[in-house]
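A short write-up of the structure that comes next.
The values are calculated or read from the model by the stated rules, or taken from the named source; none is laboratory data. For clarity, every value in this text was computed on a predicted model and none was experimentally measured. For neighbour counting, all protein chains shown are included, and Cβ atoms are generated from backbone atoms with ideal geometry for every residue, glycine included.
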Amino acid sequence: MRAFVDRDACISCGLCATICPEVFEMDDEDIATVIADPVPAEHEDGAQEAADSCPTDAISIEE
């Protein structure tokens with residue numbers, strides 16, 4: 001599984017990094033970024049929850 005962040009759609013809320021800090025973090029510009037590629041199997045559920053919780057649908061997941 002791979003996670004992607006649309007930097008233009010990210011509103012810097014930090015929800016993804018709070019839900020799944022093993023996969024997402026906020027960069028120097030306060031935009032979400034993926035730090036685990038591919039997503040480790042043990043964090044796939046968290047990454048999906050982060051994507052589902054994103055208020056702007058800035059996160060996409062590919063299997």
Residues in the range 9-63 that are of a type in the set (Gly, Ala, Ser) and on the phi > 0 side of the Ramachandran plot total 2
So which of GLU63, GLU49 is exposed (fewer than 12 other Cβ atoms within 10 Å of the Cβ) and either modelled with pLDDT of 95 or more or more than 9 Å from the chain's Cα centre (by Cα) (or both)? GLU63
The one condition THR33 fails out of (1) surrounded by 13 or more Cβ atoms within 10 Å (Cβ to Cβ); (2) in a helix (DSSP H, G or I) is (2)
